[in-house]
Amino acid sequence: MLTPSSNTALEPYTSAMFAPFGEEASAHFGRFRVVEISMSEASQTQFTEAPILEAAERLAECHPRLICWNGTSAAWLGLDKDRALCAAIKARTGIAASSTMLAFDRAFRGLGVKRLGLVTPYLGEIQSLIQANYAAQGIETVSEARLEDKGNYSFATYPPAQVAGMIREVAKAKPDAIAVVCTNFRGAPVAEEIEAETGIPVLDSISVTAAHSMREMGLDPARVTGWGSVFRLFSDID
C-alpha cells in the first residue's frame, strides 16, 4: 500500500481487514509526502509521479503481489491520473498496480450506481471537482456532506460517530450507494451498522481498497466480516 505520509487511519484498519487471512496474506506500507488537500499548487504537486514511484520502488523490495495507491487524489484529478500512475508503477517495478479510485470504479460498476451519496472531510473546491468527475461517468451526486478541512492529518481526528452522522444525513436522499471518499477518515468501522439501518451500501475508501486488493491477489474478500458489505461485493463482482 502506497500511503500518504500524514495518514494514521488506513494502516491499522487495513491490517485488521487482512487479519482473517493469517499467514496467507499481509499488507505492507510505504509513505510519500501528503500533508494538505486543496487546489493550491503546493498541494497538487504532492501527487506528481516521481516521489510516488520512488516509494513504489522501495515497496517492491519486499516482493509484494500488488502495489496499490491507497489514496483518493484521482477523485478530483480524474481516473486517467491513476491509470497512468499504475502503468508507470508496473513499468518501473514489474509488479501489478491498482488504486483506491480504480477500486471505487469497479464497485460502482458492480452495483450499477447512478445516484450517489458522497461523504468527505474535504474543502468545497475539492468536493465540486469530485462531483463533476462522477457526473462525467454518468453518476449523479444526489446528496453530499463535507467538513471543509484541508489538513490531511486532521482527517483522522474526527471520531467514527461524527462520520456516521454525516453518512446518515446523506442516506436520507436514498442514493444507490454512499461513498466515503478519503483514506484517512473513519467510515470503515461504522459502515456495517449504517447499512443494517438503511439498506444502502456504504463504500468506505479504506475498505474498498482492501477488498479490491484482496480480489486482485486471488483472495476471497468475503472472508472479511464486520466491516460492511463491500467485502461480499468484491467477492462476487468480475
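The values are calculated or read from the model by the stated rules, or taken from the named source; none is laboratory data. The model shown is predicted, which means the values in this text are computed figures rather than measured ones. No Cβ is skipped: glycine too gets one built from the backbone with ideal geometry, and neighbour counts run over all protein chains shown. The accessibility values were calculated without ligands, DNA or RNA, using every heavy atom of the protein model including side chains. Shrake-Rupley method; radii C 1.70, N 1.55, O 1.52, S 1.80 Å.
Working note: Cα gyration tensor of region 138-238, eigenvalues times five, square-rooted, sorted largest first, giving semi-axes of 22, 16, 13 Å.
Over the chain, dividing the summed -39,500 (n - 2.57) contributions of all DSSP H runs of at least 4 residues by the number of residues returns a 222 nm mean residue ellipticity of -13000 deg cm²/dmol. Other residues within the sphere of radius under 13 Å centred on the Cβ of residue 81, judged by their own Cβ, net out at -3 (K and R +1, D and E -1). Given a 1.4 Å probe, how much area per residue of the chain is accessible, in Å²? With all protein chains present, the chain gives 40 Å² per residue. With viscosity set to 1.567 mPa s at 4 °C, what whole-number translational diffusion coefficient in µm²/s follows for region 51-114 from Stokes-Einstein and a Kirkwood radius over Cα pairs? Once the numbers are plugged in, D ends up at 106 µm²/s.
Divided by 2.2 N^0.38 Å, where N counts the residues, the Cα radius of gyration of region 21-83 comes to 1.28. Summing +1 for each Lys or Arg and -1 for each Asp or Glu among the other residues whose beta-carbon sits under 12 angstrom from that of residue 43 gives -1.
Charge dipole (Cα centre; +1 on Lys/Arg Cβ, -1 on Asp/Glu Cβ; no other charges) of the chain amounts to roughly 180 debye. Could you work out the relative contact order of the chain? I mean the mean sequence separation of Cα pairs under 8 Å and 6+ apart, divided by the number of residues, in percent. Taking the mean separation of contacting Cα pairs over the length of the chain, I get 21 percent. Size descriptors for the chain, from the alpha-carbon set: Rg then Dmax equal 16.3, 47 Å. The portion of the accessible surface of the chain made up by carbon and sulfur, rounded to a whole percent, is 50 (1.4 Å probe; DNA, RNA and ligands excluded). Of all lysines in the structure, those lying under 27 Å Cα to Cα from residue 172, and not within fewer than 8 positions of it along the same chain, are 114, 150.
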